[in-house]
Amino acid sequence: MENKKISYGKEKDLSLKTLIALSRCYQDVHKKETRTIKMAGVTVSQFAVLELLYHKGDMRVCEITEKVLSTAGNMTVIIENLVKDDLVTRTIDDNDRRVNLISLTEKGRKIISDNFPVHVDNINEIFSILSTDEKENLLKLLKKLSGV
């Protein structure tokens with residue numbers, strides 16, 4: 001079977017190649033990034049919740065869901081597992097009794113405080129092949145692409 005190279009025009013072909021390169025890059029960076037998360041003994045989503053609570057303090061479930069770009073159904077499972085593992089607690093919000101506040105336990109705080117610096121070092125290592133100017137330019141381009 002012969003491989004035919006089909007072109008959709010120079011600009012569209014370039015856009016397709018750019019999307020493929022961006023997707024492959026994301027997958028590669030994500031694979032490297034998750035190595036330190038796995039060493040912490042939690043999932044990527046659990047790590048994201050622990051990190052958010054560590055840096056921002058107690059939060060409502062809906063706020064956590066929005067910040068870690070998850071769905072409400074998935075977040076319920078993540079938080080249930082974190083509660084079960086004694087990494088977070090769930091309490092009723094005094095300001096609105098319909099709302100649960102999620103807080104780190106001492107065990108959860110220890111896991112994230114021990115592992116987040118290692119995670120940051122890993123991320124820094126991943127991006128160390130880029131100069132400061134290249135990182136700043138990449139950040140601007142990614143924000144532009146995402147409409148931010």
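A few remarks follow.
- A Förster radius of 25 Å, combined with the Cβ-Cβ distance separating residue 97 from residue 56, puts the computed FRET efficiency at roughly 0.65.
- Based on C-alpha pairs under 8 angstrom that are at least 6 apart in sequence, segment 10-146 has a relative contact order of 25 percent.
- Cleavage-rule hits, chymotrypsin sites (Phe, Trp or Tyr not before Pro), segment 1-94, DSSP coil, Cβ neighbours within 10 Å at most 12: 8
- With a cut-off of 14 Å between beta carbons, the residues surrounding residue 43 carry a summed charge of -1, where Lys and Arg count +1 and Asp and Glu -1.
- Dipole magnitude for segment 6-148: computed about the Cα centre from +1 point charges on Lys and Arg Cβ and -1 point charges on Asp and Glu Cβ, it is near 420 debye.
- Residues 20, 6, ranked from the fewest to the most other C-beta atoms within 10 Å, line up as 6, 20.
- Checking every one of the GluC sites (Glu not before Pro) in segment 1-94 against DSSP loop status and a limit of 15 other Cβ atoms within 10 Å picks out 2.
- Pairs of Lys residues in segment 41-148 are counted when their Cα atoms are under 26 angstrom apart and they lie 8 or more places apart or on different chains; the count is 18.
- Backbone N within segment 28-46 under 17 Å of label point (7 Å from residue 134 Cα along the Cβ vector): 28-30
- Proximal aspartates and glutamates relative to residue 4, as straight alpha-carbon distance under 19 Å, when same-chain residues fewer than 8 apart are discounted: 13
- Counting beta carbons within 10 Å around each of 30, 119 and listing the fewest first gives the order 30, 119.
No lab work stands behind these numbers, since they all come straight from the coordinates. This structure is a prediction, so every number in the text was calculated from the model and none was measured. Here the Cβ is made from the backbone with ideal geometry for all residues, glycine too, and neighbour counts use every protein chain on show.
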